[in-house]
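*Asks:* Have a look at this one.
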Ligand code: WT7
């Protein structure tokens with residue numbers, strides 16, 4: 001019997017030891033006992049980090065939707081699979097049973113097929129958090145189409161870049177979306193994006209807000225009439241273990257966002273197994289992850305992980321602040337949520353509004369609280385623990401990445417003693433290493449270094465779509481024979497890990513991964529801007545906020561800084577989305593650069609954090625006087 005469900009700390013250690021002694025045989029047992037396979041694998045694992053090439057369960061045949069839906073029909077057909085909570089609290093929630101989900105996914109899959117989508121084709125999904133989003137993801141998986149979900153808060157430029165990069169044939173969207181008291185014209189954004197996407201043949205549009213939109217003849221169709229007509233049975237496409245399941249874009253420190261490619265069998269096994277253990281999900285629990293399916297958290301822990309376990313997973317369309325800052329707690333009470341998984345930025349935003357709105361609701365159903373996306377600071381941890389969990393619910397601070405597919409470092413609730421700000425211990429099968437600047441592994445405790453993983457795990461991304469070299473360069477070249485995460489971490493006296501943050505030019509704002517390069521590119525499009533540099537600085541709600549240092553072109557005439565600031569933020573909103581807007585902008589006469597012309601962001605980071613005395617070695621600077629000027633500007637603003 002594999003240890004599918006870990007019940008105490010001792011068992012965690014036992015299973016952990018077993019899993020790292022022989023990872024292949026460990027994951028083979030899990031795969032064998034808890035999933036439905038059309039054909040068994042020939043080989044559990046083959047890997048070579050120098051290429052890099054990683055294959056799990058090679059030779060196996062399966063369909064992930066059979067595992068997420070069909071196999072539950074007999075025993076749980078009437079159980080709620082997806083519980084949809086709309087933006088507006090007055091609109092009734094919708095319970096979609098496993099049987100209904102089966103029908104809806106089959107119908108949707110048949111619609112995709114009828115519009116020419118085949119195994120291997122890419123479908124871009126740009127939908128708000130409505131049931132069609134989860135259903136369309138599963139419909140793609142059912143017929144072997146590769147879904148590429150783009151978060152419906154991204155701008156038209158960001159959307160078109162992603163559509164072009166993966167060469168999607170079809171886009172799924174809606175007429176619009178609700179966001180608190182506002183509506184967003186999603187279809188308009190898609191129309192703009194598609195001006196630059198000649199490869200897109202069809203657009204299917206879900207009706208959500210009933211707005212007037214343009215439908216382009218021969219390209220756009222309303223979804224509902226097609227679904228109404230579609231057959232409610234759709235055979236699964238038999239997929240190979242390593243067939244692509246989806247592409248999901250994440251920011252890099254330079255250049256284009258990276259289309260991380262996840263494959264089928266390993267992703268399924270790992271997300272299902274982590275879901276079960278990290279949230280200690282029991283048969284009748286109601287589980288809610290507040291993320292958007294547009295991020296990896298939603299893929300793995302709203303859709304695939306929970307459904308593979310036959311769980312009830314909540315999908316929330318709205319925002320934490322509408323109609324007021326008690327909305328999350330109202331939903332917890334209303335649906336008697338047992339596991340609640342959210343981001344530190346949400347916790348901090350809610351904490352700002354005091355405890356009155358938390359106390360107003362009955363949160364006694366809660367058993368486990370989760371945190372993801374960025375380090376959870378001490379204050380937020382305690383607020384969450386005291387006011388939401390009433391000191392009875394373990395907080396699982398889960399560290400992982402789009403690239404890792406599933407949770408990597410985390411406590412196991414009721415087993416691992418938690419410690420504020422620590423993600424604690426590696427999950428089963430995960431072998432972390434801390435590395436020093438010379439590429440040597442740092443052994444022992446009470447040390448810090450760069451976080452790597454030494455051995456493959458089933459849900460790791462297999463490549464960057466269309467750019468395997470970049471995959472190799474980004475993740476497998478910094479340290480020999482190891483996956484490099486891009487994060488720094490420390491290991492305390494008992495071996496617990498604390499993630500200290502990115503060590504590259506990626507900035508985590510409100511839990512969203514943003515690269516500096518595309519933002520700087522957007523700023524530099526402004527006709528008055530000569531050069532710019534973006535850094536993150538500590539922010540009490542967002543964790544990090546963005547600060548831009550800008551030099552203007554020397555044209556002889558003076559520019560109004562307030563106007564340029566506004567225009568710069570508008571450009572960023574247009575090119576990337578409002579999440580990448582700058583909180584602070586400083587106009588400076590020069591940027592701190594090395595003699596070779598490289599911008600020294602480290603210095604800007606320190607100044608932005610008001611750590612003026614920790615600028616480190618500035619002797620390599622081309623012109624040290626700009627540093628004084630920048631310091632004075634920032635100080636004056638503080
Ligand atoms: C980066 C990955 C994993 C889903 C959401 C983000 C940071 C994530 C934690 C945590 C400290 C965290 C890391 C990581 N991060 N979770 N619990 N503690 N940092 O996915 O957009 O791919 O971002 O988020 O810096 O590398 P992502």
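Just so it is clear, none of the values below were taken in a lab; they were calculated from the coordinates. Remember, predicted model here, so these are calculated numbers, not experimental data. Every residue, glycine among them, receives a Cβ derived from its backbone with ideal geometry; neighbour counts consider all protein chains shown.
*Asks:* Rounded to the nearest 5, what % of DSSP beta bridges with both residues in segment 103-197 are antiparallel?
*Replies:* Close to 30 percent.
*Asks:* Of the beta bridges DSSP finds with both residues in segment 108-264, what % are antiparallel, to the nearest 5?
*Replies:* 35 percent
*Asks:* Set the Förster radius R0 to 41 Å, insert the Cβ-Cβ distance between residue 629 and residue 324 as r into 1/(1 + (r/R0)^6), and round the FRET efficiency to 0.05.
*Replies:* 0.40
*Asks:* Please sort 312-321, 209-218 by packing, taking for each peptide the average over its residues of neighbouring beta carbons within 10 angstrom, highest first.
*Replies:* Ranking the peptides 312-321, 209-218 by packing returns 312-321, 209-218.
*Asks:* Along the Cα→Cβ direction, 7 angstrom out, place labels at residue 217 and residue 283. What is the inter-label distance in nm?
*Replies:* Each label point is offset 7 Å from its Cα along the Cβ direction, giving 5.9 nm.
*Asks:* Additional query: For the residue pair residue 614 and residue 541, what label-to-label distance in nm results when each label sits 7 Å from Cα along the Cα-to-beta-carbon direction?
*Replies:* If labels sit at residue 614 and residue 541, their model points lie 2.6 nm apart.
*Asks:* Please state the shape class of segment 104-153: rounded when a/c is under 1.5, otherwise prolate if a/b exceeds b/c and oblate if not, all from the C-alpha gyration tensor.
*Replies:* Here segment 104-153 falls in the oblate category.
*Asks:* Evaluate E = 1/(1 + (r/R0)^6) for residue 589 and residue 74, where r is the Cβ-Cβ distance and R0 equals 56 Å; express this FRET efficiency to the nearest 0.05.
*Replies:* 0.20
*Asks:* Tell me, in nm to one decimal, what length is gained between residue 566 and residue 210 on full extension, where the rule is 0.36 nm per residue of separation less the Cα-Cα distance?
*Replies:* 125.0 nm
*Asks:* Next question. Give the relative contact order (percent, whole number) for the chain; include only Cα pairs under 8 Å separated by 6+ residues.
*Replies:* 12 percent
*Asks:* What is the pair-distance distribution P(r) of segment 1-55, computed from all Cα-Cα distances in 10 Å bins starting at 0, with each bin given as a whole percent?
*Replies:* Calculated over all Cα pairs of segment 1-55, the distribution is 20, 43, 28, 8 percent.
*Asks:* Starting from the Cα of residue 378, step 7 Å along the direction of its Cβ; do the same at residue 467; then give the gap between the two resulting points in nm.
*Replies:* 4.0 nm
*Asks:* Another question about this same structure. For a quick size check, give me the Cα extents of segment 322-365 along its three principal axes, largest first, whole Å.
*Replies:* 24, 20, 17
*Asks:* Taking only DSSP H segments of four or more residues, each worth -39500 (n - 2.57), what value at 222 nm results for the chain once the sum is divided by all its residues, to the nearest 500 deg cm²/dmol? Intermediate results must be reported in sequence, preceding the final value.
*Replies:* Details: 20 runs with 189 residues, N = 638.
After summing the helix terms and dividing by residue count, I get -8500 deg cm²/dmol.
*Asks:* Would you please classify the overall shape of segment 507-637 from the alpha carbon gyration tensor, given that a ≥ b ≥ c denote the square roots of the eigenvalues, rounded means a/c under 1.5, and beyond that prolate means a/b larger than b/c while oblate covers the rest? Intermediate values should be presented prior to the final figure.
*Replies:* Working: a/c = 1.61, a/b = 1.12, b/c = 1.44.
Note, shape of segment 507-637 comes out oblate.
*Asks:* If you don't mind, another one. Compute the orientation-averaged projected area for the chain from the convex hull of its Cα atoms and round it to one decimal in nm².
*Replies:* Numbers: hull surface 113.5 nm².
Result: a mean projected hull area of 28.4 nm².
*Asks:* Measure out, as a whole number of angstrom, how far apart the alpha-carbon centroids of segment 526-566 and segment 187-258 sit.
*Replies:* Cα centroid to Cα centroid, the span is 35 Å.
*Asks:* Let me ask something else. Sort 290-303, 468-481 by packing, meaning the average of other beta carbons within 10 Å per residue, with the highest value first. Kindly include the intermediate steps, with their values, before the conclusion.
*Replies:* On the way: 290-303: 24.3, 468-481: 16.2.
Ranking the peptides 290-303, 468-481 by packing returns 290-303, 468-481.
*Asks:* So if we plug the beta-carbon distance of residue 192 and residue 555 into 1/(1 + (r/R0)^6) with R0 = 41 Å, what FRET efficiency do we get, rounded to 0.05? Before the final figure, lay out the partial values.
*Replies:* Working: r = 31 Å, r/R0 = 0.75.
For R0 = 41 Å, the calculated efficiency reads 0.85.
*Asks:* Right, next: Any chance you could run the full-extension gain for residue 353 through residue 91? It's 0.36 nm times the residue separation minus the Cα-Cα distance, nm to one decimal.
*Replies:* Contour length minus the Cα-Cα distance gives 91.8 nm.
*Asks:* Using a ≥ b ≥ c from the Cα gyration tensor of segment 213-333 (square roots of the eigenvalues), is it rounded, prolate or oblate, where a/c under 1.5 gives rounded and otherwise the larger of a/b and b/c decides, a/b for prolate? If you can, show how the numbers build up before the last one.
*Replies:* Numbers: a/c = 1.29, a/b = 1.11, b/c = 1.16.
It comes out rounded by the Cα gyration axes.
*Asks:* Out of all DSSP beta bridges with both ends in the chain, state the antiparallel percent to the nearest 5.
*Replies:* Taking every DSSP beta bridge within the chain, about 60 percent pair in antiparallel fashion.
*Asks:* If packing is taken as the mean number of other Cβ atoms within 10 Å per residue, what is the order of 603-609, 68-74, highest first?
*Replies:* The most tightly packed comes first, giving 603-609, 68-74.
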